[in-house]
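Peer 1: I have a structure here, written as structure tokens, and I will follow up with some questions on it.
Derivation of every value follows stated rules applied to the coordinates shown; laboratory data play no part. Remember, it's a predicted structure, so these values are computed and weren't measured experimentally. Cβ atoms come from the backbone with ideal geometry, glycine included; neighbour counts cover every protein chain shown.
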Amino acid sequence: MLANGKLEVQGTRLRAPYPAYASRLRRDVRLISVAHSANSEYTFTSFANLDFYRKVNARLLDLAEVGKNKRIVDLGCGTGAVTRLMLERLESARQTVIYAIDHSATAIRQAIAELGDRKNAVVNFIQAEVQNLRTAVREQVDSIVYCNSIHYVPDKGKLLDEVRDSLRPGGTLAFNTTFFEGSNPPESEAFYRRWMMRSLRILVKEHGLRPGKAEKTEARRQLSAEGYANLLREHGFDIEKAEVVPVEFPLEGYLDISEFKDFIEGTFPGVPLDKASDSLKRGARQAFEDLNITFVPRNWLNVVAVRA
Ligand SMILES: C[S@@+](CC[C@H](N)C(=O)[O-])C[C@H]1O[C@@H](n2cnc3c(N)ncnc32)[C@H](O)[C@@H]1O
């Protein structure tokens, strides 16, 4: 244990006080450093395993031809769903190293639990801020994949500098997001109004709670696809591929995203997670029923950019 309370694991085994994870750790999945925190609910895991979401991310990995690379970063890896998709695509897995990075210790522990049975490549999990990528991964890599997280970062230019310097010349950054200007088609607006109205009513009338006032979350300050392209060029990238893909977002997606801490806190700040989550889930069900719909249209932006 390090002085700062972080757990450091060298070699292949994770020692007590983490026996549950230690038993699942294999020699090919190494935990570099994770701070001690209690296991908690409200992670991204159930949403990340939805079929439509897997397809969204698989599309990006295929566009980026990630499987051909030997040194890959899964930036903002969450609970490991994208890491798993990478492992499925590796052409020469035995020679490949994946660095899976997230600042959430809970998410990383869950990722280790989910991926512990994989044997075909080395996966190094690192708990770090994405903004500190160069410190976290000291070698230059072939590919950096950043799924559904870039919208969280306040200073995207600074992050792109960090990403560029972490790539070998000619290496690729692939990212996707559904929080950009243009992600919500006009015909989806009635759903979001109805969802929030229904959820707020449940929160107030049944739980006797009101959300606090919050800073506008980064995910709500959105760049357009063109804005991302310009920013990438300014920071030393050439755009190789960029596309906006329409996706049918199902009710299960809204139910599962309503169990994700970051989403709950951004939507109903200051409300206990269980009450906020319950209100959001029931509000989503009611909105689908009210509008008699089976999905909500939404757009995903996929970008593959090359270090110039
Ligand atoms: C929406 S989840 C996406 C997870 C995964 N990439 C996927 O698509 O399934 C966003 C993840 O980014 C992580 N995250 C957000 N801001 C971060 C930061 N500044 N540094 C490191 N991780 C961050 C969160 O902890 C979360 O696991």
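Peer 1: Across the range 251-286, what is the number of residues that are in contact with a Leu (Cβ under 9 Å, 6 or more places away or on another chain) and under 15 Å from ARG193 (Cβ atoms)?
Peer 2: So the answer is 5.
Peer 1: Need at least 3 residues that are without any contact (Cβ under 8 Å) to a residue 40 or more places away in the chain and either β-branched (Val, Ile, Thr) or near the ligand (Cβ under 9 Å from one of its atoms) (or both) per element, so show me which strands (runs of 3 or more DSSP E) inside the range 54-161 make the cut, counting only ones lying wholly within it.
Peer 2: Correct list: 97-102.
Peer 1: Out of curiosity, is GLU226 under 30 Å from ARG282 (Cα atoms), surrounded by fewer than 18 Cβ atoms within 10 Å (Cβ to Cβ) and either of a type in the set (Asp, Glu) or in contact with a helix residue (DSSP H, G or I) (Cβ under 9 Å, 6 or more places away or on another chain) (or both)?
Peer 2: Spelling it out, it is not the case that GLU226 is under 30 Å from ARG282 (Cα atoms), surrounded by fewer than 18 Cβ atoms within 10 Å (Cβ to Cβ) and either of a type in the set (Asp, Glu) or in contact with a helix residue (DSSP H, G or I) (Cβ under 9 Å, 6 or more places away or on another chain) (or both).
Peer 1: OK, next. Could you tell me which residue of the range 254-286 is nearest to the ligand (Cβ to nearest atom), considering only residues that are of a type in the set (Gly, Ala, Ser) and buried (at least 21 other Cβ atoms within 10 Å of the Cβ)? Talk me through it step by step, then tell me what you get.
Peer 2: Within the range 254-286, the subset of a type in the set (Gly, Ala, Ser) is 258, 266, 270, 276-277, 279, 283-284.
The next check asks that each one be buried (at least 21 other Cβ atoms within 10 Å of the Cβ); those that pass are 258, 276-277, 279, 283-284.
On the way: SER258: 13, ALA276: 17, SER277: 16, SER279: 21, GLY283: 20, ALA284: 18 Å.
Within the range 254-286, the match that is nearest to the ligand (Cβ to nearest atom) is SER258.
Peer 1: I would also like to ask the following. Is it fair to say PRO250 is surrounded by fewer than 17 Cβ atoms within 10 Å (Cβ to Cβ) and either in contact with a Pro (Cβ under 6 Å, 6 or more places away or on another chain) or in contact (Cβ under 8 Å) with a residue 12 or more places away in the chain (or both)?
Peer 2: no
Peer 1: Looking at ALA229 and the list (1) under 22 Å from the mean Cα position of the chain (by Cα); (2) under 23 Å from SER46 (Cα atoms); (3) part of a helix (DSSP H, G or I), which single condition is not satisfied?
Peer 2: (2)
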